[in-house]
């Protein structure tokens with residue numbers, strides 16, 4: 001079985017090479033590590049760690065079904081916003097944490113918008129789920 005698979009793979013790659021078509025470029029995998037030890041609230045830490053890792057399932061699991069998102073005061077759809085942001089937006093540093101660990105300030109990178117200071121302010125309900133997230137550009 002292994003020999004057949006090897007032959008098929010070899011034949012496929014040979015046929016591809018015979019077309020005189022260059023191989024598609026390999027995209028390097030970016031490893032983004034940023035220390036989140038300053039995060040003291042367990043739900044916020046789990047959410048930010050998920051954002052950093054582009055882990056949609058863990059990120060959305062921290063939120064209520066009807067959680068609200070406000071971006072610079074404008075109501076947005078949390079699901080569609082972060083479906084697009086995952087893997088393209090992340091903190092590059094966490095500079096300060098306030099309000100019992102619910103407010104996070106830091107430098108942020110967006111593939112679309114560049115680098116800037118931001119805040120993420122989480123409101124967690126009694127069940128331990130985020131019911132509201134306010135994000136935006138910060139001045140500190």
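Computed from the coordinates by the stated procedures, all read-outs in this text should not be read as laboratory data. All values derive from a computational prediction rather than experimental measurement. Glycine also receives a Cβ, built like all others from the backbone with ideal geometry; neighbour counts cover every protein chain displayed.
Below is a table of values for the structure above.
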quantity: Cα-based shape type of the range 38-84, given that a ≥ b ≥ c are square roots of the gyration tensor eigenvalues and the cut on a/c is 1.5; calculated: prolate
quantity: Mean Cα-pair separation over length for the range 25-137, i.e. relative contact order, pairs under 8 Å, 6 or more apart, %; calculated: 26
quantity: The range 54-140 - Rg over Rh from alpha carbon coordinates, Kirkwood radius; calculated: 0.94
quantity: Pair residue 88, residue 34: separation of 7 Å Cα→Cβ label points (nm); calculated: 1.7
quantity: Chain lengthening between residue 132 and residue 68 when straightened (0.36 nm per residue, less Cα-Cα); calculated: 22.6 nm
